[in-house]
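The next block holds one structure in the form of structure tokens; read it before the comments.
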Amino acid sequence: ARQILRARCATVFEIQPAVPFPEHYEETVAQARRERDSAFEPVLQARVMDMADYATVFLGFPIWGQTAPPVIRSFLSNHDLAGKTLIPFITHGGYGLGSSLEVLAAHAPRARLYDAGLSMEADQERRTLDRVTGWLRRIPLTR
């Protein structure tokens with residue numbers, strides 16, 4: 001996200017649930033599993049108030065349980081992305097994207113989902129910087 005911020009002079013909005021996840025990893029994983037399985041969409045801490053001002057939304061998130069995290073579903077459900085270009089950049093632990101792109105399409109059906117989003121296995125910082133820079137060069141700048 002910081003690299004996209006620098007390369008595109010973007011605005012960053014961190015998507016956070018109103019109630020933070022537990023601090024312990026195992027508790028977070030258990031909660032995430034329950035939320036995924038029940039299609040729960042947590043209340044957001046904040047919303048993007050000027051979403052109408054943006055033509056393009058880069059949406060970054062990690063894969064949780066082979067799909068997009070519940071907070072991402074909440075973000076999409078709470079923001080009108082009609083006519084906007086939605087560009088995902090996703091990290092995963094080695095199992096790929098799972099159903100995350102289907103989740104994006106279902107929760108933002110009137111957005112233009114950029115089909116060449118970035119997907120990377122987590123914890124590859126140097127390779128991440130190089131790949132994101134190369135990827136951004138191939139995306140036309142939208143104004």
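Bear in mind that the values in this text are calculations on the coordinates, not laboratory data. Since the model is a prediction, treat every value here as computed from it, not as a measurement. Every residue, glycine among them, receives a Cβ derived from its backbone with ideal geometry; neighbour counts consider all protein chains shown.
Tabulated results
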{"item": "Extended-chain gain in nm, criterion 0.36 nm per residue less alpha-carbon gap, V12 and R131", "result": "40.9 nm"}
{"item": "Sequence-separation-based contact order of the stretch 1-132, relative, with Cα cut under 8 Å and 6+ spacing, percent", "result": "22"}
{"item": "Dipole of the chain, positive direction: furthest Cα of G65, T128, L76, with charges on the beta-carbon", "result": "T128"}
{"item": "Residue-averaged 222 nm ellipticity for the chain, from DSSP H runs of 4+ at -39500 (n - 2.57), nearest 500", "result": "-10500 deg cm²/dmol"}
{"item": "Highest-fluctuation residue, D53, D130, D80 considered, GNM on the chain with Cα pairs under 10 Å", "result": "D53"}
{"item": "Qualifying chymotrypsin sites (Phe, Trp or Tyr not before Pro) in the stretch 12-117, DSSP loop, other Cβ atoms within 10 Å at most 14", "result": "F40, Y95"}
{"item": "Selected from T56, T133, T85 as most flexible by GNM, with the chain as the system and alpha-carbon contacts under 10 Å", "result": "T133"}
{"item": "Antiparallel content of DSSP bridges confined to the chain, in %, to 5", "result": "15"}
{"item": "Alpha carbon convex hull of the chain, volume per residue in cubic angstrom", "result": "114"}
{"item": "Alpha-carbon centroid distance for the pair the stretch 1-80 / the stretch 100-143, whole angstrom", "result": "15"}
{"item": "Along the chain, longest interval not containing exposed GluC sites (Glu not before Pro), exposed being DSSP loop plus at most 13 other Cβ atoms within 10 Å", "result": "24-143"}
{"item": "Vicinal HN-Hα couplings computed from phi for the stretch 62-75 (Karplus, 6.51 cos²θ - 1.76 cosθ + 1.60; Hz; Gly/Pro x)", "result": "x, 6, 10, x, 6, 7, 6, x, x, 5, 6, 4, 4, 4"}
{"item": "Filtered trypsin sites (Lys or Arg not before Pro), the stretch 1-81: DSSP coil and at most 16 other beta carbons within 10 Å", "result": "R47"}
{"item": "5 angstrom amide H check on G60, placed H, neighbours 5+ away", "result": "F89"}
{"item": "Derived scalar couplings ³J(HN,Hα) [the stretch 20-30; Karplus, 6.51 cos²θ - 1.76 cosθ + 1.60; whole Hz; x for Gly, Pro]", "result": "x, 5, x, 6, 7, 4, 4, 5, 5, 4, 5"}
